[in-house]
Amino acid sequence: MSSIKKEAERCLRCKKALCSEHCPVATPVPQITELFLNGEIKKAGELLFNNNPISAVTSLICPHEKNCTGHCVLGRKGAPVEFYRIEQYISRFYLETMEIPEIKRNGIKVAVAGAGPAGITMTILMLLHGYDVTLFESEDDIGGVLRYGIPPFRLPRDLLDLLKDIMLRMGVRFRPNTRIGSNIMIEDLFPDGYKAVFVSTGTGRPRKLGLVGETLGHVHFAIDYLKSPYSFRLGRRVVIVGAGNVAIDVARTAIRCGHSYVKILHYMGKDDMTANHDEVEMAEIDGVEFIHNVQAVRITEDAVRCVHVERTENPDGTLSFEEDYSQVIDVPADSVIIAIGQGPSADIISAGVKLTQRGLFDVNEWGETDRPGVFAAGDIVSGPKTVVDAVAFTKKVFVRMEEYLEEQTKTK
Ligand SMILES: Cc1cc2nc3c(=O)[nH]c(=O)nc-3n(C[C@H](O)[C@H](O)[C@H](O)COP(=O)(O)OP(=O)(O)OC[C@H]3O[C@@H](n4cnc5c(N)ncnc54)[C@H](O)[C@@H]3O)c2cc1C
């Protein structure tokens, strides 16, 4: 692996930078690289932060092969530039050394519900533009999935502590352990002077398989497990149902917690996996075993009963999968973890805002809900997606929220 300086020197600083074009937040890669090589690391950090306040996070956990790295022109004939490594260094350095700018406060109050990537991004953008922000979070700390889902070996928590410290120094009022939609409703906020509400409460409710055995004592849901893995007594043999990125995080965490037998049950074939290729490879290195083409049909006290799934490639290139109930496999398990996706929690979707068929917040292209002054972004709008997508849409919503707040304050 080359040093980050050598990596930066390899960058061609293309006029039409495909890396930037394929980054959901359009990170200005050539300009950052130029500043970095000219010894202007603080300026580079500031540019990154103002474009994406959580670049220290996304540079670590973005699917780079689909975004910047995957589109670097040097990758056509050789090794692409790994810009994210340069970005990681600059962004962390900037968070560690950042001086909070003098910001003229405008006295306008906004509420942000949910302190995950979307909520943190909106809070920082609002604070930088002079708004008074109160950030409501149902957990005891900020981060959302970044703190309570993604394992620490992929994302060090001290980055989140740095972001929290920056928000506090910028003047955020933080209300931890406070659920919006439960003890405080959205409509309670406006009479207290909030001019707009941004909802970014994510999709924290795990989806069920709907199988017999799902309520047994040795069966758990992936995101509950990832929140505090050491609270769980899983036994030796851990079987995970589902094979997306969340399942991979569970498997790699379980291995690190000392469970030597960790198997992932996957409905489709190896080539059809939705999880990032790198993550699958790392899981295999760690010792995780994959059982492909099986469908769980029942959970018993000591096994997951599966049937074989026949995979057929149709003449038009599409795939079809058919369960073959004559081929039954019992996969022994001391515990079973279900990782088949998440949806929004019940309290927030009963907040009175129009929902989509999937139960997500129904917003327009600017994140406006059908309730004036209530905006939303992140997974509560898109369903489970990526951190950088949550940041990208939040930035767009911020533009509209500012316009809305200006209109409101002019008419009063
Ligand atoms: C295990 C796992 C691994 C992942 N790995 C990656 C990865 O490597 N790379 C990547 O790009 N993406 C990854 N993702 C997806 C990514 O984390 C999400 O797309 C992203 O976190 C969405 O951000 P968000 O702010 O919308 O929601 P969240 O991160 O879910 O944050 C929502 C916040 O709102 C809080 N909240 C919920 N309800 C309320 C309420 N009623 N009132 C107040 N607060 C509330 C929650 O406690 C939480 O803090 C992963 C997801 C999971 C589950």
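The values are calculated or read from the model by the stated rules, or taken from the named source; none is laboratory data. None of the values given here were measured: they were computed from a predicted structure. Cβ coordinates were reconstructed from backbone atoms using ideal geometry, including for glycine residues, and neighbour counts include every protein chain displayed.
Residue pairs whose Cβ atoms lie under 6 Å apart, separated by 6 or more positions or on different chains, with the first residue in the stretch 170-184 and among the charged types (D, E, K, R) and the second surrounded by 16 or more Cβ atoms within 10 Å (Cβ to Cβ) and part of a loop (DSSP other than H, G, I, E, B), are ARG179/SER138.
Among the residues of the stretch 2-36, the ones that are over 27 Å from the mean Cα position of the chain (by Cα), aliphatic (A, V, I, L, M) and over 18 Å from PRO80 (Cβ atoms) come to 1 in all. Filtering the stretch 106-123 for residues that are more than 30 Å from GLY181 (Cβ to Cβ), touching a residue at least 60 places away in the same chain (Cβ under 8 Å) and of a type in the set (Val, Ile, Thr) leaves an empty set. Residues in the stretch 257-293 that are assigned to a helix (DSSP H, G or I) and touching a helix residue (DSSP H, G or I) at 6+ places or on another chain (Cβ under 8 Å) were compared, and the one that is surrounded by the most Cβ atoms within 10 Å (Cβ to Cβ) is ALA283.
Of the helices (runs of 4 or more DSSP H) lying entirely inside the stretch 294-412, those carrying at least 3 residues that are at pLDDT 95 or above are 379-382, 387-411.
Hey, does the stretch 191-207 have a residue that's modelled with pLDDT under 95 and more than 12 Å from the ligand (Cβ to nearest atom)? Within the stretch 191-207, none of the residues are modelled with pLDDT under 95 and more than 12 Å from the ligand (Cβ to nearest atom). The set of residues in the stretch 90-124 that are hydroxyl-bearing (Ser, Thr, Tyr) and surrounded by fewer than 19 Cβ atoms within 10 Å (Cβ to Cβ) contains only THR97. With respect to PHE174, is the statement that it is closer than 28 Å to ASP362 by Cα and not in a loop (DSSP other than H, G, I, E, B) true? In short, yes. Condition (residue is within 16 Å of the ligand (Cβ to nearest atom) and in contact (Cβ under 8 Å) with a residue 40 or more places away in the chain) applied to the stretch 209-218: is it met by at least one residue? Among the residues of the stretch 209-218, not one is within 16 Å of the ligand (Cβ to nearest atom) and in contact (Cβ under 8 Å) with a residue 40 or more places away in the chain, which makes the answer no.
Can you confirm whether ALA222 is in contact (Cβ under 8 Å) with a residue 24 or more places away in the chain, farther than 30 Å from ASP334 by Cβ and crowded, with 16+ Cβ neighbours inside 10 Å? In short, no. Looking across VAL309, VAL388, one residue alone is surrounded by 13 or more Cβ atoms within 10 Å (Cβ to Cβ), within 16 Å of the ligand (Cβ to nearest atom) and of a type in the set (Val, Ile, Thr). It is VAL388.
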